[in-house]
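The values are calculated or read from the model by the stated rules, or taken from the named source; none is laboratory data. All values derive from a computational prediction rather than experimental measurement. We place every Cβ from the backbone using ideal geometry, glycine too, and count neighbours over all the protein chains shown. With ligands, DNA and RNA removed, areas are computed over all heavy atoms of the protein, side chains included. Shrake-Rupley method; radii C 1.70, N 1.55, O 1.52, S 1.80 Å.
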Amino acid sequence: MGDHARPGRTGMWLIGARGSVATTAIVGLAALRAGLVPPTGCVTELPAFGSAPLPGWDEIVVGGHDISAADLRKTADGLVAAGVLPAGVVAAVAPQLAEAEAELRPGFDPATRAETGADAAVRLAGDMSAFARRHDLDRVVVVDVASTEPPWPAGARLLTAADLDAVLAADEAVPASVVAARAAVRAGCPYVEFTPSTGISVPALGALARQRGLPYAGADGKTGETLLRTALAPMFAERALAVRSWAGTNLLGGGDGATLADPGTAASKLTAKSRGLHALLGDEVAAPLHIDNVPDLGQTKVAWDHVHAEGFLGSPVTLQLTWSACDSALAAPLVLDLTRLVALGHHAGCSGPLTALGCFFKAPFGAGGDPDRHRFDHQVRELHEWVRSLSGGGAR
């Protein structure tokens, strides 16, 4: 076991472990551990976190679930070809990739109906617990980085564990994210909802997590366009410039593009992306937003925004901006950061939603329509205050 003052050996259990974000995180973790790359993009490596008792890179062990049978090295090689990962780094960490591959287990696929959600939750929880025992871990942080799912409104009506477990036991199409979150809580693992899927947002799961002293964070990692919006929208408000419209277009390929080409699935992402802007500027601002699948873009995501505002004496103000990046490379360091920070929270005795981690998410748990809870500068300040409070010891 680790030093009592620190979270100690920490498992990073990835749901969707063979996907692009997870593979990039696994390769990045191994490269950081070996000193092959600088920690660019890792918030927890900034000077402000220097005294925080976070688990070290060498204390994080990787495992996970996925319904895909593709080998991690194959996914990594595909990311090399797409320009996301450096070939030399992937080759250098091949042994670590093989170690992580040996810790991956079959996930839950509701489409096959091979098992009920209840049976799957027990099986998945058993995998998580066995992983913790096998590696003598102090805790396991479960991070959902699987493909986005369509909204599941039925989940909002499940208020107790008994209600939820009855639905899981029935022959119903329960989202895989909900089964994974139920498994995590059953196994006593803190949880991160890095997607806009339902997951742990089901009221019964949130209540059960608090009852069992488990912290959780989410939802939907904030990596690009929404990051810009939560930084720039307050500027207009603080300068008393009246934003009339803020239109956005997202172009992306790869697996995400194919997944979000389905309008039902895209609804979850669009809701998460729009929530912060409406909270910051008001619902009266026209904010059309859509996502287009452009297969030839591969791993590159392009976001284009057009902002129209009104200044003094009705003078027009227009802002156009373009954000282009490899989204997996933006998301992966945040997955590593959240693993460390949630481990810190769990070690300190936190439970329920970790609202201080809102700067990492498009639709932060507990933020609601409060504009201050969506402002990036306020979110960052809250994160730093929270880390300082835990660095001195004591549960929050």
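Observations on the structure shown:
- Members of segment 89-107 found to be open to solvent by 50 Å² or more (accessible area, probe 1.4 Å), in contact with a helix residue (DSSP H, G or I) (Cβ under 9 Å, 6 or more places away or on another chain) and not in a helix (DSSP H, G or I), listed by number: ARG105, PRO106
- Among (1) among the polar types (S, T, N, Q); (2) surrounded by fewer than 15 Cβ atoms within 10 Å (Cβ to Cβ); (3) in contact (Cβ under 8 Å) with a residue 24 or more places away in the chain, the one test that THR116 misses: (2)
- Looking only at residues in segment 219-242 that are open to solvent by 20 Å² or more (accessible area, probe 1.4 Å) and outside any helix (DSSP H, G or I), the one that is farthest from LEU313 (Cα to Cα) is ARG239.
- Condition check for LEU251: assigned to a helix (DSSP H, G or I) and open to solvent by 30 Å² or more (accessible area, probe 1.4 Å): no
- Looking across ASP58, ASP77, one residue alone is farther than 28 Å from ALA183 by Cα, open to solvent by 60 Å² or more (accessible area, probe 1.4 Å) and more than 20 Å from the chain's Cα centre (by Cα). It is ASP77.
- Scope segment 62-88; condition closer than 25 Å to GLY126 by Cβ, outside any helix (DSSP H, G or I) and not acidic (Asp, Glu); matching residues: VAL62, GLY63, GLY64, HIS65, ILE67, SER68, ALA69, ALA70
- Residue tally, condition crowded, with 18+ Cβ neighbours inside 10 Å, out of contact with any helix residue (DSSP H, G or I) (no Cβ under 6 Å at 6 or more places or on another chain) and of a type outside the set (A, V, I, L, M, F, W, C), over segment 12-52: 2
- Candidates in segment 61-78 are the residues that are among the aliphatic types (A, V, I, L, M) and in contact with a helix residue (DSSP H, G or I) (Cβ under 6 Å, 6 or more places away or on another chain); of these, the one that is farthest from ASP109 (Cα to Cα) is ALA76.
- Note on segment 168-183: residues that are in a helix (DSSP H, G or I), out of contact with any Cys (no Cβ under 9 Å at 6 or more places or on another chain) and crowded, with 20+ Cβ neighbours inside 10 Å amount to 8.
- Pair list, Cβ < 8 Å and 6+ apart or interchain, from segment 89-101 residues that are over 11 Å from GLY28 (Cα atoms) and touching a residue at least 40 places away in the same chain (Cβ under 8 Å) to residues that are of a type in the set (Val, Ile, Thr) and open to solvent by less than 60 Å² (accessible area, probe 1.4 Å): ALA100/ILE26; ALA100/VAL62
- Those residues of segment 134-167 which are more than 17 Å from PRO110 (Cα to Cα), acidic (Asp, Glu) and not in a helix (DSSP H, G or I), in sequence order: ASP136, ASP138
- Selection within segment 205-251 - of a type in the set (Val, Ile, Thr) and closer than 15 Å to LYS362 by Cα: THR223, THR226, THR230
- Complete set of residues in segment 275-314 that are among the aromatic types (Phe, Trp, Tyr) and touching a strand residue (DSSP E or B) at 6+ places or on another chain (Cβ under 9 Å): TRP304
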